[in-house]
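Coordinate-derived values only; no laboratory data. This one's a predicted model, so the numbers in the text were calculated from it and none came from an experiment. Cβ placement follows ideal geometry from the backbone for every residue including glycine, while neighbour counts extend to all protein chains displayed.
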Amino acid sequence: MNNDDFLSDPQSLVIHGDLDWDNPETDDTALAPAIYPASTYSARNSAEFAEMANQPRHSRYYARYGNPTQERCERLLARLENAEAALLMSSGMGAMSTTLFAHARAGDHIVAQTTHYMGTAQMLTDLLPNLGVEVTLVDQRDSAAFAKATRENTKLIVVETPSNPTLTLTDLAAVADFARSRGITTLADNTFASPINQHPRDFGIDLVLHSATKYLGGHSDLIAGVVCGNREAVEKIWARSIVLGTNVSPFNAFLLLRGLRTLPMRVARQNENALALGRFLEAHPAVTRVHYPELASHPQHELAKRQMQHGGGVLSIELKGAPGDETGFQAAKNFVAALKLAKHAVSLGGVETLVVHAASMWEASLPPDKMERAGIVPSLVRIAAGLENAQDLCADMEQALQASEIR
Ligand SMILES: Cc1ncc(COP(=O)(O)O)c(C=O)c1O
């Protein structure tokens, strides 16, 4: 037996899965990785320089091309997503934009969803169309719509499930099966689920992307993104990343690897807390709707059971309106402001519970029709559960609902 035979459980994998243990040439016997701040690396002779400068990528050449700390972190990330290779980049958006640029050029067509993280949505509806890439958005709840929207020139299908901020699901197997039959590459943003709750590659998805800023890092102290897939596909994205300059910093790769050591334990607690909050809020008279895939009330609960281990750490709720505030916009603002333990901040996946009022957050940048298409109703509040005690979190929500006088 070798080291890898003991890594089938995710908690064992995150502790040991970055080590290239059975390779006698490895220099990563140090249990915590070294951080290499070097921007450049010297070659001993011209043959070595030629090797460093060319593909396959070399982690000791020039830091925009990669660095050894990143390489070690990528080894673990690839294993977590059941992939051959991973490419760690500067942010989730760095990973998304680089992957999109690697797959589409002017004249190509992409099929994506009507609900995506706003940065991704902007890439798909603004930046790429302005560069001559056609994009068709479909309702992700209708699996057949992806097939109907494809054309001869469709190069990529982009999905995000659960999607931000409405926790709407996409049937990964249905999309992947169809795309494979047509030779179209599929890309899934798995940020909300994390590799602990969902493995898109097990359903046939080609590329899996994360904002590593969220669950993978887990401590609200780094920005990074990753894409995982077959080696050839990841190398193709790398070739774009060195031109776009979307490389990750060595220090962030170090922090990410440190965060990953506790990923399964953190996510298990966040799953429990989100479910406890979902159940509590669903029974509350001030709450009209809870969006959380693990609750039987979620319209795609059966699909959640098929493709997710648990519902994840994020839920969103809709609040009751009142005379003069029929839409609940003000109620939601008051509720968020009245929270004491949960913090009013963007992002998710960290140890602390974070809450945002989606309609105020996107008010300045998103016109009402786009807001509606993204499922953002005026009273929608997104809650990203942290690791606090679940009863404390429910008590905080109760006092904030009372303080905001929703009746
Ligand atoms: C689902 C999803 N994908 C991608 C991103 C972008 O990640 P980053 O902020 O690391 O660029 C986010 C950020 O919130 C996200 O929620």
Checklist entry - For segment 334-353, list residues with backbone N below 15 Å from a point placed 7 Å from the Cα of A403 toward its Cβ? => result 334-345
Next on the checklist: Run the numbers for K343 and T26: contour at 0.36 nm per residue of separation, minus the present Cα-Cα distance, in nm.
Outcome noted: 109.8 nm
Checklist entry - Got a sec to turn the phi values of segment 54-62 into Karplus ³J(HN,Hα) couplings, 6.51 cos²θ - 1.76 cosθ + 1.60 with θ = phi - 60°, whole Hz, x for Gly and Pro? => result 10, 5, x, 4, 10, 8, 10, 9, 8
Checklist entry - E235 to A395: FRET efficiency via 1/(1 + (r/R0)^6), r the Cβ-Cβ distance, R0 51 Å, to the nearest 0.05? => result 0.50
Item to check | Pairwise centroid distance, computed over Cα atoms, of segment 27-79 with segment 325-356, Å | outcome: 42 Å
Item to check | Distance cut-off 18 Å, percentage of C-alpha pairs in segment 145-286 lying past it | outcome: 64 percent
Item to check | Assigned charges on the beta-carbon of Lys, Arg, Asp, Glu; the chain dipole about Cα centre (debye) | outcome: 500 debye
Item to check | P(r), alpha carbons of segment 344-386 - 5 Å bins starting at zero, rounded % | outcome: 6, 25, 27, 19, 15, 7, 1
Checklist entry - For S39 and A322, what does the FRET efficiency come to when R0 = 56 Å and r is the distance between their Cβ atoms, rounded to the nearest 0.05? => result 0.45
Checklist entry - How large is log10 I(q)/I(0) at q = 0.13, 0.24, 0.31 Å⁻¹ when the Debye formula is applied to the Cα atoms of segment 142-188, each weighted equally and without solvent? => result -0.27, -0.85, -1.25
Checklist entry - Which of the trypsin sites (Lys or Arg not before Pro) across segment 94-159 are loop residues per DSSP, with 14 or fewer other Cβ within 10 Å? => result R105, R151
Item to check | Percent of beta bridges antiparallel (DSSP, the chain, rounded to nearest 5) | outcome: 60 percent
Next on the checklist: Name the residue from A224, N271, N252 whose Cα lies farthest towards the positive end of the charge dipole of segment 208-271, charges +1 on Cβ of Lys and Arg and -1 on Cβ of Asp and Glu.
Outcome noted: N271
Next on the checklist: If I take the Cα coordinates of segment 45-187 and project them onto the principal axes, what are the three extents in Å, biggest first?
Outcome noted: 56, 32, 30
Checklist entry - When L319, L222, L281 are ordered from fewest to most other Cβ atoms inside 10 Å of their Cβ, what list results? => result L222, L281, L319
Checklist outcome for this item: One can check that the equivalent ellipsoid of the chain, built from the alpha-carbon gyration tensor with semi-axes equal to the square roots of five times its eigenvalues, has lengths in Å, largest first, of 37, 25, 19
Item to check | Mean projection area, nm², convex hull over Cα of segment 266-407 | outcome: 8.3 nm²
Next on the checklist: Under the rule of at least 5 residues apart or a separate chain, name every residue whose amide H is placed under 5 Å from the amide H of E81.
Outcome noted: none
Checklist outcome for this item: In terms of the charge dipole of the chain, which places +1 on Lys and Arg and -1 on Asp and Glu at the beta carbon, the residue among N54, H357, G132 farthest towards the positive end is G132
Checklist entry - ³J(HN,Hα) across segment 274-283 via Karplus (A = 6.51, B = -1.76, C = 1.60, θ = phi - 60°), whole Hz, x for Gly/Pro? => result 5, 5, 5, 5, x, 5, 5, 6, 5, 8
Next on the checklist: If each DSSP helix of 4+ residues adds -39,500 (n - 2.57) and the sum is divided by the residues in the chain, what number results at 222 nm, nearest 500 deg cm²/dmol?
Outcome noted: -11000 deg cm²/dmol
Next on the checklist: A 30 angstrom limit on the alpha carbon distance is what I want to check against. Which of K214/K370; K148/K320; K340/K370 exceed it?
Outcome noted: K148/K320; K340/K370
Item to check | Derived scalar couplings ³J(HN,Hα) [segment 372-379; Karplus, 6.51 cos²θ - 1.76 cosθ + 1.60; whole Hz; x for Gly, Pro] | outcome: 5, 4, 7, x, 8, 7, x, 9
